[in-house]
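The values are calculated or read from the model by the stated rules, or taken from the named source; none is laboratory data. What you see is a predicted model; the values in this text were computed from it and never measured. Neighbour counts are summed over all protein chains in view; Cβ atoms, including those assigned to glycine, are modelled from backbone coordinates with ideal geometry. To get the accessible areas, we keep the full protein, side chains included, count just its heavy atoms, and leave off ligands, DNA and RNA. Shrake-Rupley method; radii C 1.70, N 1.55, O 1.52, S 1.80 Å.
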Amino acid sequence: MTNKSIYIRTFGCQMNVRDSEVICGLLVKEGYKIIDEPNKADIILFNTCSVRQHAEDKVWSELGKFKKGQSPSGTVPSIIGMVGCMAQNYKEKIFERAPNVNFAVGPSDIQRIPEIIKRVISHKSQVTSQDLLEFKIWETDGGIRPEEIYHTGFYEDKKHAYIVVSEGCSNFCSYCVVPYVRGELRNRNYKEILKEIEEAVDKGITKITLLGQNVNAYQYNDINFAKLIEFVNLVKGLEEFSFITSHPKDTSIDLFKTMANLEKLKKYLHLPVQSGSDRILELMNRGYTRKFYFDLVDNYRKIVKSATLTTDIIVGFPTETETDFLQTHNLVKDIEFDAAYIFKYSPRPHTEAEKLADDVQRKEKEKRHKTILDAQKDISNEKKCLKK
Ligand code: 5AD
Ligand code: SF4
């Protein structure tokens, strides 16, 4: 047991939020205290995101505020660990760029964090800070995480919990780094998922969100995603649940019929379209067409009553012309999403799209970004007025 304190800063998506909870749960079990002041922490963890360049830039800039071996105030000697996708993405290069980092651990290896911290602490009392940099630990072996790490019962929110359904992604969308930093899709045993939900409910949780990079591709033996959500709906004491993120190619009328029948399921679908141009969708390796997406949305709205729909869009993908962009713009105006998250394309390491020239100029990306943002703002405002 230890009396050391830990500060953890989380960047990126809900998957990272849950991973940070899992890490905190493991560390609390070992006696660490989780605190929210980096200035007072013995150990500082950055749980990082690589999905877009912007997310990474933020981490580098935050890390820069920490001097080697010191907290930002300079009062407490700190150990700094970089965990998550950037650790996997940059590997040893992290230590060149941020010499204040003592160790790095990829997303598939988070269960080793308590042991790694212990090693760094014992090492630190004997050797110079330069030697500490030997702790260059990163790993993604593509294996599923040990089940027990999901059962520490640590939740930031006492009423709502995120529950991981699957890890990684095998879709290899051409712009996306996720399959390279989080590995290919691995589905958890549905019995373990249900057990985790029951444990959460026993702790007072009433709402949950099922998480997966491609949540509706879930398949464990003969249990598919529709079957899984039927089981979740039966958990006693659970009041409401939802799921993110769905891929259009794995979304079906059968899933909508199941959704419509489950009284505890929030009638909400986050269905990233990414682009309204068939040419760009193909270059993105998304596996569906514009028409397929429109038909899907029609069916969703017909079958699942009073349902909400949100999306992700990337503007400025390599070779995106004004005509391609207008198709995305029209799609946004036609479909009338409840919300849309718009991103400017940034090349990501390892990906297929990285091999293409990033040829849409920054100014043009900004213009397209603003155009979609404004269109969506108008739609969202109109929807708000209609609700009143
Ligand atoms: N550039 C810009 N946006 C990206 N996304 C993923 N990769 C990139 C990239 N290279 C966006 C997608 C995805 C969301 C989580 O992030 O829209 O759905
Ligand atoms: Fe990335 Fe595509 Fe997988 Fe989503 S579905 S995580 S965008 S590869």
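Residues 155, 150, 175, 162: which one is assigned to a loop (DSSP other than H, G, I, E, B), closer than 24 Å to residue 29 by Cβ and open to solvent by less than 50 Å² (accessible area, probe 1.4 Å)?
155
Considering only residues that are assigned to a loop (DSSP other than H, G, I, E, B) and basic (Lys, Arg), look in region 178-215 and name the one that is surrounded by the fewest Cβ atoms within 10 Å (Cβ to Cβ).
Restricting to residues being assigned to a loop (DSSP other than H, G, I, E, B) and basic (Lys, Arg), the top hit is 203.
Checking residue 300 against (1) in contact with a His (Cβ under 9 Å, 6 or more places away or on another chain); (2) buried (at least 19 other Cβ atoms within 10 Å of the Cβ); (3) of a type in the set (Ser, Thr, Tyr), which single condition isn't satisfied?
Of the numbered conditions (1) in contact with a His (Cβ under 9 Å, 6 or more places away or on another chain); (2) buried (at least 19 other Cβ atoms within 10 Å of the Cβ); (3) of a type in the set (Ser, Thr, Tyr), the odd one out for residue 300 is (1).
Determine, yes or no, whether residue 333 is within 13 Å of ligand 1 (Cβ to nearest atom), part of a helix (DSSP H, G or I) and of a type in the set (D, E, K, R).
So residue 333 fails the test.
Whether any residue in region 291-299 is modelled with pLDDT of 95 or more, within 20 Å of the chain's Cα centre (by Cα) and outside any strand (DSSP E or B) is what I want to check.
no
With the condition kept exactly as written, say whether any residue in region 249-264 is away from ligand 1 (no atom under 16 Å from the Cβ), closer than 30 Å to residue 354 by Cα, open to solvent by less than 30 Å² (accessible area, probe 1.4 Å) and touching a residue at least 24 places away in the same chain (Cβ under 8 Å).
No, region 249-264 contains no residue that is away from ligand 1 (no atom under 16 Å from the Cβ), closer than 30 Å to residue 354 by Cα, open to solvent by less than 30 Å² (accessible area, probe 1.4 Å) and touching a residue at least 24 places away in the same chain (Cβ under 8 Å).
Show the residue pairs that are 6+ apart or on different chains and have beta-carbon atoms under 6 Å apart, the first residue being within region 185-207 and over 15 Å from residue 144 (Cβ atoms), the second being assigned to a helix (DSSP H, G or I) and open to solvent by 30 Å² or more (accessible area, probe 1.4 Å).
Partner pairs satisfying both residue conditions: 194/231.
Every residue in region 330-340 that is within 10 Å of residue 372 (Cβ to Cβ) and open to solvent by 30 Å² or more (accessible area, probe 1.4 Å), please.
Hit for region 330-340 is 333, nothing else.
Residue under question is residue 114, and the condition is that it be at pLDDT 90 or above, part of a helix (DSSP H, G or I) and within 16 Å of ligand 1 (Cβ to nearest atom); does it hold?
For residue 114, the condition - at pLDDT 90 or above, part of a helix (DSSP H, G or I) and within 16 Å of ligand 1 (Cβ to nearest atom) - is not met.
Can you tell me which residues in region 227-246 are within 16 Å of ligand 2 (Cβ to nearest atom) and either without any contact (Cβ under 8 Å) to a residue 12 or more places away in the chain or open to solvent by 10 Å² or more (accessible area, probe 1.4 Å) (or both)?
244, 245
Against the definition (surrounded by 16 or more Cβ atoms within 10 Å (Cβ to Cβ), β-branched (Val, Ile, Thr), within 20 Å of the chain's Cα centre (by Cα) and at pLDDT 95 or above), how does residue 273 come out, yes or no?
Criteria met by residue 273.
Among the residues of region 341-368 satisfying the criterion of being open to solvent by 70 Å² or more (accessible area, probe 1.4 Å) and in contact with a helix residue (DSSP H, G or I) (Cβ under 6 Å, 6 or more places away or on another chain), which is nearest to ligand 1 (Cβ to nearest atom)?
Residue satisfying both the conditions and the ranking: 344.
Going through region 277-288 one residue at a time, which ones are away from ligand 1 (no atom under 13 Å from the Cβ) and open to solvent by less than 50 Å² (accessible area, probe 1.4 Å)?
277, 288
For region 1-35, what are the residues that are assigned to a loop (DSSP other than H, G, I, E, B) and closer than 17 Å to residue 81 by Cβ?
2, 4, 11, 12, 30, 32, 35
Residue check: is residue 57 open to solvent by 30 Å² or more (accessible area, probe 1.4 Å), assigned to a loop (DSSP other than H, G, I, E, B) and modelled with pLDDT of 90 or more?
For residue 57, the condition - open to solvent by 30 Å² or more (accessible area, probe 1.4 Å), assigned to a loop (DSSP other than H, G, I, E, B) and modelled with pLDDT of 90 or more - is not met.
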